[in-house]
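For reference, the structure discussed in these notes is given below.
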Amino acid sequence: AETAMHYMPERIDLESLRAAVVDCQACDLHQHATQPVFGEGPPDARIVLVGEQPGDREDLDGRPFVGPAGKLLDEALSQAGIRRGDVYLTNVVKHFKFTEPPTSRGKRRLHQKPNAREVFACRPWLEAELMLIQPIAILCLGATPSQALFGRDFQVSKHRGEIRATDWCDRTMATWHPAAILRMPDQHRRTEMQQQLVADLTRIHPTR
Ligand code: URA
């Protein structure tokens with residue numbers, strides 16, 4: 001099967017990758033997405049946050065974590081005393097996957113979970129980002145990035161907050177996805193998950 005390797009530029013730096021991902025057709029998601037959303041942040045960032053894929057807002061803006069989930073993440077970063085500008089933010093899958101609701105005028109398009117084929121096709125972009133940045137810490141937001149880095153059997157609900165070594169970083173941790181927190185109907189549970197996200201950010205973030 002084709003993967004993003006086919007679209008890798010000869011020069012591997014973040015700006016060349018960002019330019020190259022625009023032409024990526026390694027899976028079919030490029031057909032309906034507005035644009036790819038590449039990672040954002042300093043090339044020498046000490047921490048990388050990895051989400052699942054861009055949402056409706058991110059697809060339109062071309063930047064990661066600028067929609068409702070991004071707002072919650074911004075709040076959690078600020079509560080953890082971390083400046084967003086110091087962090088490299090990216091996603092496992094670079095194109096938005098969605099369904100149009102039947103009566104969709106003015107409504108947000110509904111995000112759909114990327115499948116294993118799409119994750120496999122896209123992952124060379126993430127691996128190249130991680131290889132270039134060589135962060136001291138990686139925080140996976142939700143199941144998709146956690147399973148991409150820890151393996152297909154990994155369960156965030158069981159192993160959230162544990163620091164483990166992966167091929168990409170000695171300090172890799174999984175936590176809740178901010179969108180999963182937003183979707184939680186029980187308000188007490190939602191508050192608790194939000195506090196756990198802040199605690200995980202605080203613990204994984206390299207100080208110095
Ligand atoms: N959710 C994600 O996983 N990534 C984004 O960039 C936005 C929402």
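All of the numbers you see were taken from the coordinates with simple rules; none came from a lab. Not measured: the values here are computed from a predicted model. Cβ sites come from the backbone with ideal geometry, for glycine too, and all protein chains shown count toward neighbours.
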Where in segment 131-167 are there trypsin sites (Lys or Arg not before Pro) that are in a DSSP coil and have at most 16 other Cβ atoms within 10 angstrom of their Cβ? R152
Would you list, by chain and number, the lysines whose Cα falls below 16 Å from the Cα of K113, excluding same-chain residues fewer than 8 positions away? K94, K97
Residue-by-residue Karplus 3J(HN,Hα) for segment 34-51, coefficients 6.51, -1.76, 1.60, Hz, glycine and proline x: 5, 6, x, 10, 8, x, 9, x, x, x, 9, 4, 8, 10, 10, 9, 10, x
Cα gyration tensor shape for segment 67-124, rounded if a/c is under 1.5, else prolate or oblate: oblate
Sticking with the crude label model, points 7 Å out along Cα→Cβ, report the distance from I163 to T34 in nm, one decimal please. 3.8 nm
Are there GluC sites (Glu not before Pro) in segment 126-208 that DSSP marks as loop and that have at most 13 other Cβ atoms within 10 Å, and which are they? E162
Only Cα pairs within less than 10 Å get springs; with that Gaussian network setup on the chain, which residue of R63, R189, R123 has the largest fluctuation? R189
Might you report the magnitude of the Cβ-based charge dipole of the chain about its Cα centre, with Lys and Arg at +1 and Asp and Glu at -1, to the nearest 20 debye? 680 debye
From phi via Karplus (6.51, -1.76, 1.60), per-residue ³J(HN,Hα) for segment 92-98 in Hz, x at Gly/Pro: 5, 10, 8, 10, 6, 10, 8
Taking a ≥ b ≥ c as the square roots of the Cα gyration tensor eigenvalues, with a/c under 1.5 meaning rounded and otherwise prolate when a/b beats b/c or oblate if not, segment 5-53 comes out oblate
Mean Cβ neighbour count within 10 Å, used as a protection proxy, ranking 30-37, 13-20 highest first: 30-37, 13-20
Residue-wise HN-Hα coupling along segment 52-69, computed from phi with Karplus coefficients 6.51, -1.76, 1.60 (Hz; x: Gly, Pro): 7, 6, x, x, 3, 5, 5, 4, 6, 8, x, 10, x, 6, 10, x, x, 5
If you build the Cα gyration tensor of segment 77-208 and take the root of 5 times each eigenvalue, what three semi-axes come out, in whole angstrom, biggest first? 25, 20, 15
Going by the alpha-carbon gyration tensor, a ≥ b ≥ c the square roots of its eigenvalues, is segment 1-142 rounded (a/c under 1.5) or, if a/c is not under 1.5, prolate (a/b greater than b/c) versus oblate? oblate
Once amide hydrogens are built 1.01 Å from N within the peptide plane, the residues lying 5 or more places from Q112 or on another chain with amide H under 5 Å from its amide H are K97, F98, T99
